[in-house]
């Protein structure tokens, strides 16, 4: 009978609809709490949040442009693995460690200083060689600027930009290597949006950044991140997180794939807080709140 069929259909829909409504309510409450926390901080904050199952998403100022800081090292890594797939390089290829780079303004030579870098040992290896794989590890896990510039010069900044475009993440704009002071003075900086970083990390998480094998390798490198005071600090202990931070004066970012029971990508960009402990606490609070909304 038609009435009976309708009743049966409604009964089958109820168990699905009720959890979905509960999830929506939980996320709405989390969003309100996060926005209140941001307002109290006085900072400018952009957030891109999406569960990998595609069922929940929240974007807050996703297309606002921020200085990328060290989050721009994610597309450098992707391009390295892209060139490996194309057979242009291998991760075991040696590269001469030479502290000599060229400004995008006029081609003049500049050098990096160990005192301004988060990793100093590579500076002791000048004149020696390191593999591309080793340089990538240093670039991501300890955010070595020296390793980053060596890789950018080897891979080519235009190739990095082309790969970002191919992944539909044009909000990530890689112009140059790190510490190009002449470019900085002219406002020629690497920039990003929260949406662009979410797109890049989602591609890695889904096995679509280069290919499935390369994506798995990139996830493992990102999981070895040494700086864990932001997003990971707000998650239950032991939660695997594949992420990259970025930090300069009054800029503090974290972009992560969080392997929670329901995995998700979370990007938080923060501008305007001087103390990195304060900005780190803000990001960990945001991560804790959003994690709680999708348990």
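Laid out as a table, the results:
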read-out: Ranking of 37, 50, 85 by count of other Cβ atoms within 10 Å, fewest first; value: 85, 37, 50
read-out: MRE, 222 nm, helices only [DSSP H, n ≥ 4, -39500 (n - 2.57), over the chain, to nearest 500]; value: -14500 deg cm²/dmol
read-out: Using alpha-carbon coordinates, inclination of helix 132-141 to the longest axis of the chain, degrees; value: 60 degrees
read-out: Packing-based exposure ordering (other Cβ within 10 Å, fewest first) of 103, 144; value: 103, 144
read-out: Highest average packing first - 214-226, 190-202, Cβ atoms within 10 Å; value: 190-202, 214-226
read-out: Per-peptide average of other Cβ atoms within 10 Å, ordering 268-278, 232-242 highest first; value: 268-278, 232-242
read-out: 73, 124 arranged by Cβ crowding within 10 Å, fewest neighbours leading; value: 124, 73
read-out: Protection proxy ranking, peptides 245-258, 151-164, average beta carbon neighbours within 10 Å, highest first; value: 245-258, 151-164
read-out: Angle in degrees between helix 276-293 and the longest Cα principal axis of the chain, rounded to the nearest 10; value: 30 degrees
read-out: Among (1) 20.9, 68; (2) 21.0, 84; (3) 19.1, 62, the entry that matches Rg and Dmax of the Cα atoms in Å as calculated here; value: (2)
read-out: Cα-based helix-to-principal-axis angle, 194-205 vs the chain, degrees rounded to 10; value: 90 degrees
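Bear in mind these aren't lab numbers, they're just calculated from the coordinates by the rules spelled out. This structure is a prediction, so every number in the text was calculated from the model and none was measured. Every residue, glycine among them, receives a Cβ derived from its backbone with ideal geometry; neighbour counts consider all protein chains shown.
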